[in-house]
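Presented below is the structure to which this report refers.
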Amino acid sequence: MFSPKNIAQFAEIETPFYYYDLELLKKTLEACANEAKAYKYHVHYALKANFNENVLKTIQEFGFGADCVSGAEVEKAIECGFSPNKVVFAGVGKSDKEINKALDLDIFAFNVESVQELEVINELAKAKSKIAQVALRINPNVDAHTHANITTGLDENKFGINSWDLPLCASVLRNSENIKFLGIHFHIGSQITNLEVFKHLCIKVNEFSAWFEERGFTLKVLNVGGGLGIDYMNPNNQIPDFKEYFKIFAEFLNVGPHQEVHFELGRALVGQCASLISRVLYVKLGRKKNFIILDAGMTELMRPALYQAYHQVENLTRIDVEKTVKYDVVGPICESTDSFGKEILLAETQRGDLFAIRSTGAYGEVMASNYNLRPSIVHVYDNEVK
Ligand SMILES: *Cc1c(COP(=O)(O)O)cnc(C)c1O
């Protein structure tokens, strides 16, 4: 991904910064859109993975819908060109203000996460003489086999409606005049790399779908959420295998002629398109450990501190240096979890070397903070440094 020319250009830019490869983003979007088209699948992009405006505008141009988890995300999506009738809105804690905003903007669907929320949306829609379109987010109790902190579809998670509450939901739906029931929604977790998990999800979706249809409801929408993982070990030009992913749903999901299948992909679309570029402030050689201290830390990229996430770390300056040393690569923040990796074998490193922390397009820049009163992180696009 990085040529010597890139590296010379980076030398002119103040670090740290996120570098976006919009060309790779476009290739990834094109691959996903093409594979989805083969099955007439609808794909919504999950804004929370990255709401950089250039990224959003690019995604929208490829015809994707938007999956939002806050009122501000709903507004942002529409501002950046996503059509309101392709916007879905999930979240366990939608405030009245956010619901009203989404009603005013005439979004496609609320993905409703509790019986109480269903009643509140019905009331707020009634006050506006509107009909709110909803899908029920069901917690299917399927293990995503991913990190516990990014698992969302087990009984112990706060997300979605538990199966034992569905009879109550069905009666509330029958009595809610300002709600149009579109279908059912699921999202069981993130960074799912074992595709078998999606097969288990399909089997559950089929059961819930049959349950509703047996009770006289028509489900137009089957929304299976997102969660497709990326290969953090191989960041170079990696486009996720969308073909294999969609094939599982084509094979295992029961879809009637009246039904649409919807997806909500975040990480898989944007994860590989950015790197965090940073400079070495100090190299601290010790008796037990050697530390490389970067000018980027958990304030720029929180995933390692938050869920022990792995990101490939590269020294861009010493590509031709043969001597290697094991280092712990850490940030400058006053927290022991502010580390990008331990005992990493790297070319012998000097103060001032440029580093890339790869695969940081998803849940990277969006989670940046100003802890330690750090300045806000900036970004640079491939077309600006060419
Ligand atoms: C975060 C989220 C997604 C996207 O998850 P990825 O793992 O990034 O694909 C999809 N749907 C909902 C409801 C989410 O909260």
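The values are calculated or read from the model by the stated rules, or taken from the named source; none is laboratory data. The structure presented is a predicted model; accordingly, all values stated were derived computationally and were not measured. Positions of Cβ are generated from backbone atoms using ideal geometry, with glycine treated the same way; all protein chains shown enter the neighbour counts. Please note that ligands, DNA and RNA were not included when accessible areas were found on the heavy atoms of the full protein model with its side chains. Shrake-Rupley method; radii C 1.70, N 1.55, O 1.52, S 1.80 Å.
For the residues L306, L301, the requirement of being open to solvent by 40 Å² or more (accessible area, probe 1.4 Å) and either of a type outside the set (F, W, Y) or closer than 20 Å to H187 by Cβ (or both) singles out L306.
Would you check if there is a residue in segment 269-286 being assigned to a loop (DSSP other than H, G, I, E, B) and open to solvent by 10 Å² or more (accessible area, probe 1.4 Å)? Yes, there is a match, as at least one residue in segment 269-286 is assigned to a loop (DSSP other than H, G, I, E, B) and open to solvent by 10 Å² or more (accessible area, probe 1.4 Å).
Residues that are under 21 Å from the mean Cα position of the chain (by Cα), among the hydrophobic types (A, V, I, L, M, F, W, C) and assigned to a loop (DSSP other than H, G, I, E, B) within segment 326-379 comprise A362, A368, I377, listed in sequence order. Looking only at segment 258-297, residues that are of a type outside the set (G, A, S) and away from the ligand (no atom under 16 Å from the Cβ) come to 21 in all.
Conditions tested, residue by residue: (1) more than 15 Å from the ligand (Cβ to nearest atom); (2) surrounded by fewer than 21 Cβ atoms within 10 Å (Cβ to Cβ); (3) not in a strand (DSSP E or B).
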{"position": "V134", "(1), (2), (3)": "no, no, no"}
{"position": "A144", "(1), (2), (3)": "no, no, yes"}
{"position": "D155", "(1), (2), (3)": "yes, yes, yes"}
{"position": "K158", "(1), (2), (3)": "no, yes, yes"}
{"position": "W164", "(1), (2), (3)": "yes, yes, yes"}
{"position": "L168", "(1), (2), (3)": "yes, yes, yes"}
{"position": "E177", "(1), (2), (3)": "yes, yes, yes"}
{"position": "I184", "(1), (2), (3)": "no, no, no"}
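Every listed requirement among (1) touching a residue at least 40 places away in the same chain (Cβ under 8 Å); (2) of a type outside the set (A, V, I, L, M); (3) more than 16 Å from the ligand (Cβ to nearest atom) is met by G226 save one, (3). Contact map, segment 252-267: first residue touching a residue at least 12 places away in the same chain (Cβ under 8 Å), second residue among the β-branched types (V, I, T) and more than 16 Å from the ligand (Cβ to nearest atom), Cβ cut-off under 8 Å, separation 6 or more or different chains; pairs are F252/I203; H258/T218; V261/V255.
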